[in-house]
Structure formats: structure tokens, C-alpha cells
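Heads up, the thing below is written out as C-alpha cells.
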């Protein structure tokens with residue numbers, strides 16, 4: 001037994017589907033615009049704040065008693081999570097780095113991987129960012145590219161020595177080191193749709209400043 005709908009009903013159904021599709025598309029575009037604007041504003045504000053911190057006079061240790069000075073670690077993260085700014089000039093990368101790798105952090109910035117060292121410390125500094133935003137240009141990274149890290153406690157330069165692709169469960173790339181190294185982590189392949197199955201790893205070694 002065939003059931004046929006009146007043409008008027010069919011037109012109403014189709015019109016309703018069109019409106020629903022249009023509404024979903026507008027909602028999606030509005031969310032994308034919000035994410036982009038929010039990330040841009042965050043990057044601008046944090047970059048300006050970092051620049052102000054760099055211009056501020058250094059904080060000296062204060063004594064609370066005759067014999068015990070209070071000295072804050074030079075490389076300790078800011079209470080609100082600001083680590084610094086990472087730049088790779090040849091690739092056009094300039095991104096604020098904050099503490100942690102939560103979805104909120106990585107939506108706005110690159111994230112310092114908890115448990116790894118901080119710039120200026122001896123060991124392995126781990127930094128992660130999304131492959132479809134801040135770290136997209138890493139697909140063109142080359143050996144000997146210079147990675148600059150600017151933090152409130154100092155500026156550091158690293159030279160890229162290697163890249164490799166690993167499964168997501170391979171955390172050995174974040175193992176500590178006897179020397180100052182920087183490890184950049186992002187998802188791979190760069191143009192994969194959905195949750196990427198691998199990780200792209202960039203390894204860089206600290207360039208020690210030459211004595212004057």
C-alpha cells in the first residue's frame with residue numbers, strides 16, 4: 001500500500017529542512033568566528049603583556065630576615081599560566097605559550113606539556129599545539145631552522161636537529177635529557193580529517209649564547 005503526501009505537505013517539509021540546515025550552518029559559522037576572534041584577542045593581549053614584562057625592571061631578591069633571602073625561581077610559570085612566546089621566523093610561526101595542554105589552552109595558544117622542563121632549564125622542554133592552527137606550518141620545518149623562545153626570565157634559541165612521526169602512546173619523545181632540548185608536538189597527518197592517528201615530533205637543541 002503506497003502512502004502519498006500532498007504536494008503542499010512535501011513543500012513544507014522541504015522548506016523546514018532548508019531552514020534547519022541554514023540555521024545549523026549559521027550556528028557553525030558563528031562558532032568558528034568566535035573561536036578565531038577569541039584566539040586572536042588572547043594572542044594579542046598576552047603578547048602585549050609579555051612585552052610589558054620584558055620592559056619592566058628585574059625583580060631582585062628581598063630579605064625577610066638577616067640570613068634567609070627569598071628568591072623566586074627565574075623560570076617558574078606565571079600564576080595565570082603565561083610561559084612566553086615561541087617563534088620560527090622562516091615558517092611565520094609566532095604563538096604565545098601557556099601552561100598545560102587542555103582543550104581550552106590549545107584553542108587559544110600553544111601549551112607547555114606538564115612534567116617537562118621550562119625554557120632555560122637543563123632538560124627537555126615539551127610544547128604542543130594543534131596541527132590545523134598554530135603548528136600547521138611545521139609541515140615545512142627543516143633541519144637547522146631556528147626556534148626562538150622569549151620568556152619573562154630570558155630569551156633562548158634552539159636549532160632543529162630532527163623530525164619524526166610516532167604513535168600517540170609513544171611518550172618517550174618527552175623523556176628528560178642531559179642537555180637543553182626543545183620538543184614540539186602536534187597531530188599528524190596535517191590534513192587528516194578527524195582525530196589524527198599519529199604525532200609529528202620536532203626536536204631542537206639549545207644554541208648556547210657566545211660569551212662577549
**Item:** Output for the stretch 101-120, where each listed residue is over 9 Å from the mean Cα position of the chain (by Cα) and more than 11 Å from residue 176 (Cα to Cα)
**Value:** 102, 103, 104, 113, 114, 118, 119, 120
**Prompt:** Any chance the stretch 190-202 includes a residue that's closer than 23 Å to residue 81 by Cα, modelled with pLDDT under 95, out of contact with any strand residue (DSSP E or B) (no Cβ under 8 Å at 6 or more places or on another chain) and surrounded by fewer than 16 Cβ atoms within 10 Å (Cβ to Cβ)?
**Reply:** no
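Counting only residues that are outside any loop (DSSP other than H, G, I, E, B) and over 11 Å from the mean Cα position of the chain (by Cα), which one in the stretch 121-130 is surrounded by the most Cβ atoms within 10 Å (Cβ to Cβ)?
125
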**Message:** For the stretch 54-75, check the following and say yes or no: at least one residue is assigned to a helix (DSSP H, G or I) and at pLDDT below 85.
**Reply:** yes
**Message:** Please go through the stretch 98-113 and give me each residue that is part of a loop (DSSP other than H, G, I, E, B) and surrounded by 15 or more Cβ atoms within 10 Å (Cβ to Cβ), ordered by number.
**Reply:** 100, 101, 109, 113
**Request:** Would you point out which residue out of 116, 133, 151 is in contact (Cβ under 8 Å) with a residue 12 or more places away in the chain, crowded, with 23+ Cβ neighbours inside 10 Å and touching a helix residue (DSSP H, G or I) at 6+ places or on another chain (Cβ under 9 Å)?
**Result:** 151
**Prompt:** Do you know which of the residues in the stretch 166-189 that are part of a strand (DSSP E or B) and farther than 15 Å from residue 204 by Cα is nearest to the chain's Cα centre (by Cα)?
**Reply:** 187
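Could we say that residue 85 is in contact with a strand residue (DSSP E or B) (Cβ under 8 Å, 6 or more places away or on another chain), more than 18 Å from residue 199 (Cβ to Cβ), in contact (Cβ under 8 Å) with a residue 12 or more places away in the chain and in a loop (DSSP other than H, G, I, E, B) here?
No.
The values are calculated or read from the model by the stated rules, or taken from the named source; none is laboratory data. Keep in mind the model is a prediction, meaning the values are calculated, not measured. Note: ideal-geometry Cβ built from the backbone for every residue, glycine included; neighbour counts use all protein chains shown.
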